[in-house]
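J.: My questions will all concern the structure given below.
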Amino acid sequence: MYQIEEPKYFYLFIAVAILLLFYMLSWLWKVRKQKEFASSSLLNRLSPEKSVFKPVLKMIFVLLGLSFLVIAMVNPKMGTQLKTVKRQGVDIVFALDVSKSMLAEDIAPNRLEKSKQIISKIIDKLGSDRVGIIVYAGNAYPLLPITTDHGAAKMFLQNANPDIVSSQGTAINEALQLSKTFFDDDTQTNRFLFIISDGEDHEENSGKIAKEIVDLGIRTYTIGVGSNKGSPIPVKKNGKFQGYKKDKKDEVVITKLNVETLKDIASNGDGKYIYGNKTSKTIEYVEELLLKADKKEFESKQFSDYKDQFQWFVGFGLLLLVLDVFLLDKKTKWIQKLNLFNER
């Protein structure tokens, strides 16, 4: 496990990128000027000892050296000692709909990003509670097992998108079934399942399965994102807009928020439906709900001692910068004899 002490210094990588751009523009300018002065064959005769490879190597050394120094300023710390601590909390699993309809932009920036914002902000409000994440579309998959590591939960959450599932659809029933085995503490009396979805194209019998998992101590709440008016589903390739999704009749598909389905699941799951378009109110409701829940004591392991690692990056950075100083632009005789870089 690691910590970042000064993440603000990551912005210095912008300076490294600007330096790389300067190197590239400078190289292009030199090439153009050399062509204006003489042909490449004549230049090789005029400067027979000039290496083509070494200037590139020197640039790499400088950029890597500066990058290591930036990382040293950020000061990553590695956990060195684990200790067992007692915590009190509840178990929470988020089931996130990542089907294509969640890319609709009737809620800014789109339904999926809105859902991820809601989950992330709920995690920020958690105390010692454990959290897990399920994603589903045509199938349901465990994205993150139950854990107390809220930072890891947010990191995994950012990777949730329609491309991580093998088939499209809305397998809410499979997500509900998966939740039965997702909660790994049989003694936990408070288990919460939050389904975040637009409620569209859900399967039948979802309410029945939600009622079944109540017997396992799991209360199901649904959070609806989207609008009743609906919106087309944008199709993008490499981030570029290609058009809107169409059906078999070549008509643009309009996806709408299906409140009734989500209400039915929540009602049968001993929970409630939450309108998720207003983020602040959604967070407040969930926070109050979890604060009122009885907390169970459990043990977990966490790192209690972190040691600085900046000295390694300072060492590597300075070494590369020193090597750059002593690395000349002339060809190296013994390497030239080996002809490793075609410098003859």
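The values are calculated or read from the model by the stated rules, or taken from the named source; none is laboratory data. If you're wondering where the values come from, they're calculated on a predicted model, not measured in any experiment. Every residue, glycine as well, gets a Cβ built from its backbone with ideal geometry; the counts of neighbours run over all protein chains shown. To get the accessible areas, we keep the full protein, side chains included, count just its heavy atoms, and leave off ligands, DNA and RNA. Shrake-Rupley method; radii C 1.70, N 1.55, O 1.52, S 1.80 Å.
J.: Using the Karplus curve 6.51 cos²θ - 1.76 cosθ + 1.60 with θ = phi - 60°, work out ³J(HN,Hα) for each residue of the stretch 95-109 in order, rounded to whole Hz, and write x for Gly and Pro.
T.: 9, 9, 6, 10, 6, 4, 4, 6, 8, 4, 9, 6, 10, 6, x
J.: If you don't mind, there's one more thing I want to ask. What ³J(HN,Hα) values, in whole Hz, does the Karplus curve 6.51 cos²θ - 1.76 cosθ + 1.60 give for the stretch 172-178 when θ = phi - 60°, with x put for Gly and Pro?
T.: Per residue, the Karplus-derived 3J(HN,Hα) values read 5, 4, 5, 5, 5, 5, 5 Hz.
J.: Around ASN190, which amide H atoms from residues at least 5 apart in sequence, or from another chain, sit under 5 Å from its own amide H, with H modelled in the peptide plane?
T.: ASP91
J.: If I stretch the segment between THR279 and GLN177 completely, what's the gain in nm (0.36 nm per residue apart, minus their alpha carbon distance), one decimal? Please report the intermediate quantities before stating the final value.
T.: Values: separation 102, 0.36 × 102 = 36.72 nm, distance 2.77 nm.
Result: 33.9 nm gained on full extension.
J.: Tell me which residues come under 5 Å, amide H to amide H, from LEU257 once H is placed; ignore anything under 5 positions away on its chain.
T.: Excluding prolines and chain starts, which carry no amide H, the hits are SER227, ASN228, GLY230.
J.: Another question, then. Amide H of ILE223 versus every other amide H placed in the peptide plane: which residues, excluding those fewer than 5 positions away on the same chain, fall under 5 Å?
T.: ILE195, ILE196, SER197, ILE274
J.: According to the square roots a ≥ b ≥ c of the eigenvalues of the Cα gyration tensor, what is the shape class of the stretch 108-199, taking rounded for a/c under 1.5, prolate for a/b larger than b/c otherwise, and oblate for the remainder?
T.: Working: a/c = 1.84, a/b = 1.19, b/c = 1.54.
The shape class here is oblate.
J.: Provide the gained length on full extension for the span ASP184 to MET78, in nm with one decimal, where the gain is 0.36 nm per separating residue minus the Cα-Cα distance.
T.: Details: separation 106, 0.36 × 106 = 38.16 nm, distance 2.83 nm.
Gain in length upon complete extension: 35.3 nm.
J.: Determine how large the accessible area of GLU212 is when every protein chain is in place; take a 1.4 Å probe and give Å² rounded to the nearest 10.
T.: Its accessible surface works out to 80 Å², give or take rounding.
J.: Here's another thing I want to ask about it. Which of the pairs LYS77/LYS295; LYS208/LYS248; LYS8/LYS77 have their Cα atoms more than 23 Å apart in this structure? Before the final figure, lay out each step's value.
T.: Numbers: LYS77/LYS295 32 Å; LYS208/LYS248 32 Å; LYS8/LYS77 15 Å.
Table pairs above 23 Å Cα-Cα are LYS77/LYS295; LYS208/LYS248.
J.: So what J values fall out for the stretch 290-295 if you push phi through Karplus, 6.51 cos²θ - 1.76 cosθ + 1.60 with θ = phi - 60°, rounded to Hz, Gly and Pro as x?
T.: Computed from phi, the couplings for the stretch 290-295 are 6, 5, 7, 6, 5, 9 Hz.
J.: Which FRET efficiency value, to the nearest 0.05, is calculated for GLU287 and GLN88 with the Förster distance at 22 angstrom and r the Cβ-Cβ distance?
T.: Numbers: r = 16 Å, r/R0 = 0.74.
The formula returns an efficiency of 0.85 here.
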